[in-house]
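Here the structure is laid out as structure tokens; the discussion comes afterwards.
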Amino acid sequence: MTTKSVNLRLPEELYEELEALQEIKGATLSEIVRQAVAEYIEREAPSWNTETVEIRLPRALVAEIEMFIRNQVVADIDQAGLLAFREWCRSEEEHYAERLPAAEESLNRYSERNAAEMKMKQKARDMRRL
């Protein structure tokens, strides 16, 4: 593993605590600082290692998110948004599933009409050749 050197200044009290920890742990100052930095980054990364996304939501979805938070159904807003979005997708799926038979019927009628037109055009071409 390639490493980079970092110089840092610490208050004397903090440096003394670091030296005491070094003696107790039997580790080098670099090892202790590396571990502390790694733990800090792991703990703090979710708060700064994310992108902000602006989205527009239907009012009903926003109301559902607010309801989930108000009723403490979820632990945080991310869970509330995910749960509300899943519910919304489920309702949209039901909405379109109800309309699917009519859409299929319409598509079949169009296909049949289109096939009949194609047959008529083919007959007209054949008749012109005669």
Item to check | Count of residues meeting criterion [farther than 24 Å from ALA60 by Cβ and aromatic (Phe, Trp, Tyr)] in the range 82-130 | outcome: 1
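Rundown of residues vs (1) surrounded by 10 or more Cβ atoms within 10 Å (Cβ to Cβ); (2) of a type in the set (A, V, I, L, M, F, W, C), yes/no style:
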site: GLU16; (1), (2): yes, no
site: VAL33; (1), (2): yes, yes
site: ALA80; (1), (2): yes, yes
site: ALA97; (1), (2): no, yes
site: ALA116; (1), (2): yes, yes
site: GLN122; (1), (2): yes, no
Item to check | Checklist (1) surrounded by 10 or more Cβ atoms within 10 Å (Cβ to Cβ); (2) more than 30 Å from LYS4 (Cβ to Cβ) applied to ARG59, failing item | outcome: (1)
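Coordinate-derived values only; no laboratory data. All figures in this text were calculated on a predicted structure; none of them were measured in a lab. As a convention, Cβ positions derive from the backbone with ideal geometry for all residues, glycine included, and neighbour counts pool all protein chains shown.
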